[in-house]
Each structure stands twice: as C-alpha cells, then as structure tokens.
Amino acid sequence: MGSEDKVVVKIELSKEDYEVLKAISKKEGYSLVPEYLKFIVKNIIEEGGLARGEGLQVRELSESIGKRVERIVTDLLNPYTGKIDELSRKISELREIVESLEAERAKPKPPTPTPPREPRKPVSAIDRLKDQGVVFQDDVRWMKSPDKFFDKLKKEGAVVLEVGGEKIAVDSDLWLSFKEELGKVSVSDLEEAASIIELSLGDAAGRLFRKLARAGLIVYDEDSGIWLSQVSQ
C-alpha cells in the first residue's frame, strides 16, 4: 500500500481527557494512546459500518471515521470525567471546610474568667501548733505577751509544760505519742535516745526530749530499761 493510500485522523482532546484516555489504554493493554485508537478504528470498520467497498471518498471516509472515534472516545471518557468532576467538587468542599476551620482558629479567644479566690481563713494558734507539734517559748520571745499566747493554747487543748522557767506548748496528740514512744526506747544514752525519738516523731519531739531529760523531767530507769516521764500530765 503506498503512502497516498494512508489517511491521518486527528482528534483534539483536552490535556485532562488525554490523561484519562491514556489510563484507559494501559488498562486495555496498550502502551500508547494512538495504538488504542487504531484498535477502535479497526473495530468500527470490521463491524461493517464503514466497509471499504461502500464507495465513500477518502475525505468522507476520514471524516466519518473521525466522528465515530470521537463518539466512542467520548463514551469512554464520560464515566471517568464524571468521577473527576465529583472528586474536584469534594476537594473544593474540603478546602472550604479547612479554610473555615483555620479562620475560626485565627479568631481571638475570649479570656477564660478566673474564678474568684476564696478569702484565706486566718490560721489560729492551735492549728499552727498541730502543724509544728511543739512551740518553745524561746522561739516566740518576739511576742509582746507570750504568757497570754501559751494560756490561750492551753485553753484550746494544748499541753503546756514549764521547764526551767520556759513554757513549752505541745500538741495533745503528739504528747500522747511522745509518752508511748518513751516506753519503747531502751538505750540509756540521752543523745542516742533523742535520735530515736526524732526518727519516729520528728525534730521538735527530739528537742523536747532533750529539754525534759536535762531538766530531770524524764529519766532512764535502769531496772526496767526504759525512759520514764516525771511530768504529771
């Protein structure tokens, strides 16, 4: 067949449609789009719609084949372009949602109201004593009337001792624990015994032990092997 017997059929497609047709061609087993289009044209001719002996002129044959191919390609592309349009619409909707969320986030948030603070209740002397365990007069000499301070603690339930002219206020619960702990300490050395008291009841209790022991108000009993309180309370 000479070159004068060949006809070139042109089809214009958008870039997007061409990419879709390219994907369809690969799916059908054709690596190139023109090969797939040639396959479509041959099918048209072999189906009998445009047999070679129908007496059509080359130009008419070319135009007729071109129109048929365009219709077939359009039918092939329609389902895919419909999906692409739907996908584009959904992407646009998502973009609008994201932009709306970003705009909402960018809005200045009203300051969170701070709940009003409840006024602090003044700490009473007896509450402070419960926290400290023991209050020594030496530590509150800055007070104008320390005697009134210790009298008030005594009225509110504290144990108030007088040791060598110094008043000592002891929390009532700590005092009971202190006397119980004395009966468990079996070492005679004052400092060693004070250390044991400190470990179980705290530093203030150890200081109290030393003051009472040096004043002779608690003594180590050799017969029983424990410390005994000489305090009447």
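No value in this document is a laboratory result; all are computed from the given coordinates. These numbers were taken from a predicted model, which means no experiment stands behind them. All Cβ positions, even for glycine, are placed from backbone atoms using ideal geometry, and neighbour counts span all protein chains on display.
Here are a few things to note about the model shown:
- Taking amide H atoms as placed 1.01 Å from N in the peptide plane, the amide H of Trp227 lies under 5 Å from those of Val185, Asp221, each 5 or more residues away in sequence or on another chain.
- Coupling constants for segment 176-190 follow from the phi torsions by the Karplus curve (6.51 cos²θ - 1.76 cosθ + 1.60, θ = phi - 60°), and in residue order they are 5, 5, 4, 5, 5, 5, 4, x, 9, 7, 9, 8, 8, 5, 4 Hz; glycine and proline get x.
- The value of relative contact order for segment 121-233, using C-alpha pairs under 8 Å at least six residues apart, is 22 percent.
- Local net charge near Gly202, Cβ-Cβ under 12 Å (Lys/Arg +1, Asp/Glu -1): -4
- Relative packing of 30-36, 137-143, 16-22, which averages over residues the other C-beta atoms within 10 Å, highest first: 16-22, 30-36, 137-143
- The HN-Hα couplings worked out from phi for segment 88-98 by the Karplus form 6.51 cos²θ - 1.76 cosθ + 1.60 (θ = phi - 60°) are 4, 5, 5, 4, 4, 5, 4, 4, 5, 5, 4 Hz, whole numbers, x standing for Gly and Pro.
- Shown is the FRET efficiency for Leu176 and Lys144, computed with R0 = 35 Å from the Cβ-Cβ distance and rounded to the nearest 0.05: 0.65.
- Proximal charge balance of Leu129 [Cβ under 9 Å; K/R count +1, D/E count -1]: -2
- Placing R0 at 45 angstrom, the Cβ-Cβ distance between Asp131 and Ser224 gives a FRET efficiency of 0.85 after rounding to 0.05.
- Net length available on complete extension from Ser195 to Ala215 is 5.4 nm, with 0.36 nm assigned per residue and the Cα-Cα distance removed.
- From most to least packed by mean Cβ count within 10 Å, the peptides 212-223, 152-163, 93-104 give 152-163, 212-223, 93-104.
- Tensor-based shape of segment 142-189 (alpha-carbon gyration tensor, a/c under 1.5 rounded, otherwise prolate or oblate): oblate
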